[in-house]
Amino acid sequence: MIIFKESNSLSKYLVAQRNIGRTTGFVPTMGALHNGHTSLIAFSKKTCDLTVSSIFINPTQFNNPDDFKKYPITLNSDIIQLDKAGCDILFLPTVIEIYPHGFNNPPKYDIGELEFVLEGAHRHGHFQGVCQVVERLLSIVAPQKLFLGQKDFQQTLVIKKMISLTNINVDVVVGSTERLPSGLAMSSRNMRLSNQELEKATMIYQVLVYIKEHISSQPLNQLEAYAKDLLLNHGFDSVDYFSIVSLPDLKPVDILEHNNQLIAVTAATIGDVRLIDNMVVSK
Ligand code: PAF
């Protein structure tokens, strides 16, 4: 695996590869890697000649400075995992490489309601920061395919919207959520949970499965309230939201109608670790 720290040298290298007809798949990350990331690397390797990954903890997407400070950093193990997974190129930029003009006057992306609902309602400015960094990374890597994980479902919609607003020519491929045997979605933030908290956190998955199994038999608002109670009664300290919303636009749904495509989405906190997860729950 070749490691690049400078955007200019990476771009030059990739242009030369494109000129000899090699296609590029890109897996952006913030490090603290797990199987969720390496499964995206494997996905990219199946369909692209070259797989590029990046590790950059993007300051502009953290609405909570404490969360930014505590974000896990495991660079040595990340490099080993990426190499083992067959990643061809790792981009490890500094803040200056990504934000050469600093943080003043950031671009404003008109991503509509997605910016203000669910994650957006609880993490002000988060999705603008995600758009900024992903647009910049795409301009450097210029991949044919961008690989993202389903666990951050709202993020995949936001990035697709940003790509259409900016006319970037790239296909977005969404890989399914990787889970531990307990059902807990793999997440970099799991590293900050104690063994006891890890056990409690599996309740998210159990609740999502319960909702999927009971989606046709109870009113949606009752299911949402029951899901929140279950999380709070089984070890979660707070639940930002547990919502059953429509696909693909994440609009609230009051009554289940035939052929509704629905997804249950949630964000809940144990101690000071905030976890998100989702599951398609329509039959
Ligand atoms: O999902 C993430 O890890 C980040 O939001 C991303 C897409 C790498 C942008 O910083």
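The values are calculated or read from the model by the stated rules, or taken from the named source; none is laboratory data. In this text the structure is predicted, and so the values were computed from the model without any measurement. Cβ atoms come from the backbone with ideal geometry, glycine included; neighbour counts cover every protein chain shown. For the accessible areas, the whole protein counts, side chains as well, though only heavy atoms, and no ligand, DNA or RNA atoms are used. Shrake-Rupley method; radii C 1.70, N 1.55, O 1.52, S 1.80 Å.
Listing for the model above:
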read-out: Cα-based Kirkwood hydrodynamic radius, the chain, one decimal, Å; value: 19.8
read-out: Nearest-0.05 FRET efficiency for K5 and N63, computed from C-beta distance (R0 30 Å); value: 0.65
read-out: Net dipole in debye of the stretch 1-101 [+1 Lys, Arg Cβ; -1 Asp, Glu Cβ; about Cα centre; nearest 20]; value: 240
read-out: The stretch 27-67-the stretch 234-283 distance, computed between alpha-carbon centres (Å); value: 23
read-out: Dipole-positive endmost among N221, L275, H34 within the chain (Cβ charges, Cα centre); value: H34
read-out: At R0 = 41 Å, FRET efficiency that the Cβ-Cβ distance of I20 and D110 yields, to 0.05; value: 0.60
read-out: Surface/4 of the Cα convex hull for the stretch 3-54, nm²; value: 3.7
read-out: Residue-normalised accessible area of the stretch 126-170, given per residue in Å² at a 1.4 Å probe; value: 33
read-out: Surface/4 estimate of mean projected area, convex hull on alpha-carbon atoms of the stretch 92-168, nm²; value: 5.6
read-out: Percent carbon-and-sulfur accessible area, the chain, ignoring ligands, DNA and RNA, probe 1.4 Å; value: 51
read-out: Most mobile listed residue (G112, G36, G149) in the chain, GNM with C-alpha springs under 10 Å; value: G112
read-out: In degrees, nearest ten, helix 220-233 long axis to first principal axis of the chain (Cα); value: 80
read-out: Span per principal axis, largest first, for the Cα atoms of the stretch 58-200 (Å); value: 43, 37, 28
read-out: Whole-Hz ³J(HN,Hα) from phi, Karplus 6.51 cos²θ - 1.76 cosθ + 1.60, for the stretch 10-24, glycine and proline x; value: 5, 4, 4, 4, 6, 4, 4, 5, 4, 5, 9, x, 8, 8, 10
read-out: Accessible solvent surface per residue of the stretch 181-229, calculated while the other protein chains remain in place, 1.4 angstrom probe, Å²; value: 52
read-out: Rounded FRET efficiency, nearest 0.05, which uses the C-beta distance separating K45 from D254 and R0 of 41 Å; value: 0.40
read-out: Spin-label proximity, S77 to the stretch 170-195 - amide N less than 19 Å from point 7 Å beyond Cα toward beta carbon; value: 178-195
read-out: Accessible area per residue, Å², the stretch 47-122 with all protein chains present, probe 1.4 Å; value: 52
read-out: Degrees between helix 203-214 axis and first principal axis of the chain (Cα, 0 to 90, nearest 10); value: 60
read-out: Relative packing of peptides 68-81, 37-50 - highest average C-beta neighbours within 10 Å first; value: 37-50, 68-81
read-out: Karplus 3J(HN,Hα) series, Hz, for the stretch 119-124 with 6.51 cos²θ - 1.76 cosθ + 1.60 (x for Gly, Pro); value: 4, x, 5, 9, 10, 4
read-out: Check: the chain dipole with +1 on Lys, Arg Cβ and -1 on Asp, Glu Cβ, in debye; value: 760
read-out: Residue-averaged 222 nm ellipticity for the chain, from DSSP H runs of 4+ at -39500 (n - 2.57), nearest 500; value: -12000 deg cm²/dmol
read-out: Measure of compaction for the stretch 1-141 (Cα Rg per 2.2 N^0.38 Å); value: 1.09
read-out: Relative contact order of the stretch 134-283, pairs being alpha-carbon contacts under 8 Å that are 6 or more residues apart, as %; value: 20
